[in-house]
1. Does at least one position in the range 10-28 carry a residue that is modelled with pLDDT of 85 or more, of a type outside the set (Gly, Ala, Ser) and either assigned by TED's automatic domain parsing to the domain that holds Thr257 or touching a Gly at 6+ places or on another chain (Cβ under 8 Å) (or both)?
2. Anything in the range 171-184 that is crowded, with 24+ Cβ neighbours inside 10 Å and either among the hydrophobic types (A, V, I, L, M, F, W, C) or not assigned by TED's automatic domain parsing to the domain that holds Tyr130 (or both)? List them, or say none.
3. What's the number of the condition Asp239 fails, among (1) at pLDDT below 90; (2) out of contact with any Leu (no Cβ under 6 Å at 6 or more places or on another chain); (3) acidic (Asp, Glu)?
4. Have a look at Ser228, Ser256, Ser220, Ser246 and point out the one that is out of contact with any strand residue (DSSP E or B) (no Cβ under 8 Å at 6 or more places or on another chain) and touching a residue at least 60 places away in the same chain (Cβ under 8 Å).
5. Looking only at the range 83-130, how many residues end up being at pLDDT 70 or above and more than 26 Å from Leu159 (Cα to Cα)?
6. For the range 15-44, how many residues are part of a loop (DSSP other than H, G, I, E, B) and surrounded by 12 or more Cβ atoms within 10 Å (Cβ to Cβ)?
7. Among residues belonging to the range 55-76 that are surrounded by 11 or more Cβ atoms within 10 Å (Cβ to Cβ) and either modelled with pLDDT of 90 or more or among the basic types (Lys, Arg) (or both), point out the one that is nearest to Ser10 (Cα to Cα).
8. Confirm whether Ser12 is surrounded by 12 or more Cβ atoms within 10 Å (Cβ to Cβ) and of a type in the set (Gly, Ala, Ser).
Amino acid sequence: MLDLSRNFLSGSIPKSLETLKYLTYFNVSFNNLSGEIPSSSPFRNFTSEFFTSNAALCGAQRFLVPPCVRFSPQSLRNKKKYLIILVLAGVILVLGAMSLGFIYLRYQRKDRSPIEAYLSLVATQERISYHKLLQATDGYHEKNFLGKGGFGSVYKGTLDDGRVVAVKVFDLQLEGALKSFDAECEVLRNLRHRNLTKVISFCSNPNFKALVLEFLPNGSLEKWLYSSDRFLDITQRLDILVDVASALQYLHYEYSTPAVHCDLKPSNVLLDEDMVAHVSDFGLTKLLAPEEGIAILHTPKR
């Protein structure tokens, strides 16, 4: 006699038990057994109550369980063939989708116009209205004027949430200003480095283009190097050198698309409140696209 009921057993009933011809009692009810119930020798004398409450058992009808589904060797071979076909079809579909995506992205990179380039920032940055910028800079008042570059002017501004920012307004009357805006959008959209100027927002319409950047209160390195009332000691100079080198390392080797700044000079290195250097102004940047060679964003000399 063998009573294994209510023991939380799982698995299948061993076929070898059919050889135990003196087994007169075999109760495995209320377990978690699965598979076929043996039907030869001693099992011919067992009733359904010995196997009750095992939902995954199958076998003879007299045990009050579902019949077992049997696969012939041919059906198993067919099943394997169908499985292989399904897997291959899935792989082909995935590769096809990836190829189409690659072709689309490559086409998009080649044919995108400068006017549409600012849209690349939409995924990561919140767009700001012209009127919000007008309010933030007090109508671009001269008291907020920070400096003038080759393609426009930079103003200090305060957003509604109290953040102080630098607003770079592009002069669209200048040849190359639109391409410069396009170049900065292309580079700044994915920048993630402590030594590169961070873009906060942007504003773009047919007649106005501006980038909203983090405000760096200590101004440009140029002012510190060539001003009689400012002084940098040797430690600060070395720290700034390391900061700039770290930014270039990121642009050349760690950025998603390797980029060459092409306009690195003291006026394009800005210093924050802790005198940490941030490389800025990406209007002349060259993006190195391996599949296309060097994609040069042309702008006129300053």
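The values are calculated or read from the model by the stated rules, or taken from the named source; none is laboratory data. Since the structure is predicted, the reported quantities are computational estimates derived from the model, not experimental observations. All Cβ positions, even for glycine, are placed from backbone atoms using ideal geometry, and neighbour counts span all protein chains on display.
1. yes
2. Once the filter is applied, which keeps residues that are crowded, with 24+ Cβ neighbours inside 10 Å and either among the hydrophobic types (A, V, I, L, M, F, W, C) or not assigned by TED's automatic domain parsing to the domain that holds Tyr130 (or both), the range 171-184 yields Phe181, Ala183.
3. With (1) at pLDDT below 90; (2) out of contact with any Leu (no Cβ under 6 Å at 6 or more places or on another chain); (3) acidic (Asp, Glu) applied to Asp239, the lone miss is (1).
4. Details: Ser228 fails: touching a residue at least 60 places away in the same chain (Cβ under 8 Å); Ser220 fails: out of contact with any strand residue (DSSP E or B) (no Cβ under 8 Å at 6 or more places or on another chain); Ser246 fails: touching a residue at least 60 places away in the same chain (Cβ under 8 Å).
So the residue among Ser228, Ser256, Ser220, Ser246 that is out of contact with any strand residue (DSSP E or B) (no Cβ under 8 Å at 6 or more places or on another chain) and touching a residue at least 60 places away in the same chain (Cβ under 8 Å) is Ser256.
5. 21
6. Number of matching residues: 9.
7. Out of the qualifying residues, it is Leu57.
8. Answer is yes for this residue.
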